[in-house]
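Participant: Dropping the structure in here first, questions after.
The values are calculated or read from the model by the stated rules, or taken from the named source; none is laboratory data. This structure is a prediction, so every number in the text was calculated from the model and none was measured. The accessibility values were calculated without ligands, DNA or RNA, using every heavy atom of the protein model including side chains. Shrake-Rupley method; radii C 1.70, N 1.55, O 1.52, S 1.80 Å.
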Amino acid sequence: MPPWGAALALILAVLALLRLLSPRLRGPWGRAVGERTLAGAQDRDDEEADGGAPGDQFSDRSEPLPGGCSLVCKPSALAQCLLRALRRSAALEPGPRSWLSGPHLQTLCHFVLPVAPGPELAREYLQLADDGLVALDWVVGPCVRGRRITSAGGLPAVLLVIPNAWGRLTRNVLGLCLLALERGYYPVIFHRRGHHGCPLVSPRLQPFGDPSDLKEAVTYIRFRHPAAPLFAVSEGSGSALLLSYLGECGSSSYVTGAACISPVLRCREWFETGLPWPYERGFLLHQKIALSRYATALEDTVDTSRLFRSRSLREFEEALFCHTKSFPISWDTYWDRNDPLRDVDEAAVPVLCICSADDPVCGPPDHTLTTELFHSNPYFFLLLSRHGGHCGFLRQEPLPAWSHEVILESFRALTEFFRMEERMKGLSRHRASFLGGRRRGGALQRREVASSSNLEEIFSWKRSYTR
């Protein structure tokens, strides 16, 4: 049997189990795993016909988009630019329903089915300041004729892709890299310590929201491509790492724009509440298998017997990072240091979050998404759809996931917006310089005031698109 046939058989078996146990399977959000997150099928169809938003909590301050989606954000000039780009996007246009429309199928296909043909990767190992190793997989092929350059200077923009926190390189991550390569980007995949074949050379793994390793990787990418714009995309639980990085670095992050696919925002509650058990056990088993090869190396710092006996993701996380032999810490202290939203107010990069109302891993948006973040922070935008599962958003083959198309289109809109802002600021500075040359007879104090005004104008562009 070919690999895809075995994967399809596994998906069908899991779906049969979910259907058999669906009356008893209750997710942590009080409804069955297979149950729709809205009131019912008829209500959903009526709302789709009316173009309503997929979530009562977000519908009051959201902008309708094609395909029954909605954009939740704080009104600003940048928001209007992004809204125009999304309303013109063909990826959001409703198409014929496929057999992949269910949330579990969308999620399982994303995690199980392989992508064929896969991209050609060139791996680099980056030695960190503490002698640890992370891996960077540069996507170098297949070569595509007629690639479109994404930046004005003729240099391809670098697309940094961060997989989920479990270290699995999924079908959609590889599909995003292939599409980005075709659109003129230079994709690179970041792998944490011990993930996806990256050797664990020191007995230290990367905590859930610790961006220190990512900082060094971004510095290296910037060193290799100093003039190229840098965009970043994260998948699922990997979004905690990207959001922590953007919050800690603020305006010094080197990132032009970012996107998070099905992000986990309330991470501590997500661990404490737990996932529906088929997903919880699947993710837990994957992590145990990945770390089993390093059991001997971790014995000096981690209670490995407790680690591999854990029955939930929370127990696994606590055994790995809290109940260590050298520096044990409490669960509260761990999340004080690793909550991805701890410094979110310092983020100075536009971030597009794509979420689904039927996400079986994250849960209903009313319970798992921070409403105030998107209503008050001008840098955060929420694209909420009715269908898509967790990191799925699949369409009929051979079309790529529509989330990939939307992300690349939004990055293109950001590039055009910033280019226009720079052009307008350049014209304003030129006009101010011309007028200043005609007034050289003014007093020194007046020239100093004008200089201060020019400096304020030069540096105000960072906030101009949030007005």
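Participant: Collect residues whose amide H, placed 1.01 Å from N in the peptide plane, falls under 5 Å from the amide H of VAL134; neighbours closer than 5 in sequence don't count.
Facilitator: For VAL134, whose amide H was placed from the backbone, the distant partners under 5 Å are LEU126, LEU128.
Participant: Let me ask something additional. Can you tell me the accessible area per residue over the range 213-329, all protein chains present, probe 1.4 angstrom, in square angstrom? Spell out each step's value before the answer.
Facilitator: Values: 4870 Å² over 117 residues.
Per-residue value: 42 Å².
Participant: Through the Karplus equation 6.51 cos²θ - 1.76 cosθ + 1.60, θ set to phi - 60°, convert the phi angles of the range 156-166 into ³J(HN,Hα) values in whole Hz; use x for Gly and Pro.
Facilitator: Each residue's phi maps through the Karplus curve to give x, 6, 8, 10, 8, 10, 10, x, 5, 5, 7 Hz.
Participant: Mind listing the long-range amide H neighbours of GLY257? Cut-off is under 5 Å, sequence gap 5 or more, other chains count too, H placed in the peptide plane at 1.01 Å from N.
Facilitator: For GLY257, the qualifying residues are ALA232.
Participant: Given H placed 1.01 Å from N in the peptide plane, which residues other than close sequence neighbours of TYR186 have an amide H under 5 Å from its amide H?
Facilitator: ALA157, VAL158, LEU159
Participant: For the range 247-384, state what percent of all Cα-Cα pairs lands in each successive 5 Å bin, counting from 0 Å until the bin that includes the largest distance.
Facilitator: 2, 9, 16, 17, 17, 15, 13, 9, 3, 0
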